[in-house]
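The values are calculated or read from the model by the stated rules, or taken from the named source; none is laboratory data. Everything numeric here is computed off the predicted structure, so don't read it as measured data. A quick note on method: Cβ atoms are made from the backbone with ideal geometry, for glycine too, and the neighbour counts reach across all protein chains shown. Accessible surface areas use protein heavy atoms only, side chains included; no ligands, DNA or RNA. Shrake-Rupley method; radii C 1.70, N 1.55, O 1.52, S 1.80 Å.
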Amino acid sequence: LGDARKSLPNDISALFPDEFEFTEEMGWIPKGWEVVDLSEIASITSGKRPKERYDVPTANACVPLFGGGGIMGYVDEPLLLQPAILTGRVGTLGLLFRITEPCWPSDNTLIIRTHNAYDFDFVRFQLEQVDFASLNRGSTQPLLAQRDLATRRLGIPSDALRTAFADLVCGWFDLNKCGIEESILLSLMRDALLPRLLSGELRIPDAQEIVEASA
């Protein structure tokens, strides 16, 4: 941990132990960390099949419908309102989705909701280390049993360290979200203005005024 700690702010670095200890379940882990089932820090439930689904979003049905492989359609109301991690239960296994906006998880997904908000991204990154293929119980198609995920053993640090991690990582995700939204806006403006500029319908000064008004 020595070299890694040097790159961290002093207040966060001080939260890490100076040595490791051996555990029967996970081998060597930082001293003082606990080994727990995922179900001890998060709830795991199955999604549901919506009454109706649409292939493209409409004014009345713009809520993303998630399957194990990502967005598979749209519905008119959300099933999930709180932040959660989604992963495939049947069909597609191993993909993880960090959900912070209202959506509808289908019945071929599992919904992981942490008991404490500061564990949200910590659990997500822990799940990235899971070999989901080794948990497959399906014969005709891939299947992930809820119990197999619930009993997954995790090494967890102190509440203080997990809180510091959450504060740091949430800031990164917020910046990433702003960047994506800005990129989408710029793409829409490009698609709207470029044809008019090329046709001569719009002049450069007029385009600048439109861009400034949209900023």
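Observations on the model:
- Taking residues in the range 26-50 that are under 26 Å from GLY67 (Cβ atoms), and partners anywhere that are assigned to a strand (DSSP E or B) and of a type in the set (Gly, Ala, Ser), the pairs with Cβ atoms closer than 9 Å and at least 6 places apart or on different chains are GLY47/GLY67; PRO50/GLY73.
- You will find that of ASP11, ASP119, the residue that is in a helix (DSSP H, G or I) and either over 19 Å from the mean Cα position of the chain (by Cα) or over 25 Å from ASP148 (Cα atoms) (or both) is ASP11 and no other.
- Neighbours by Cβ (under 6 Å, 6+ apart or cross-chain): first from the range 56-85, among the β-branched types (Val, Ile, Thr); second open to solvent by 70 Å² or more (accessible area, probe 1.4 Å): VAL75/ARG53
- Taking each residue of the range 95-118 that is open to solvent by 60 Å² or more (accessible area, probe 1.4 Å) and looking for partners that are among the hydroxyl-bearing types (Ser, Thr, Tyr) and not in a strand (DSSP E or B) with beta-carbon atoms closer than 6 Å, six or more apart or interchain, yields nothing.
- The set of residues in the range 165-204 being farther than 30 Å from ARG98 by Cβ, open to solvent by 80 Å² or more (accessible area, probe 1.4 Å) and of a type outside the set (A, V, I, L, M, F, W, C) consists of ARG196, SER199, GLU201, ARG203.
- Leading residue by the ranking (least open to solvent (accessible area, probe 1.4 Å)) among those in the range 130-146 that are farther than 9 Å from ARG89 by Cβ and not in a loop (DSSP other than H, G, I, E, B): PHE132
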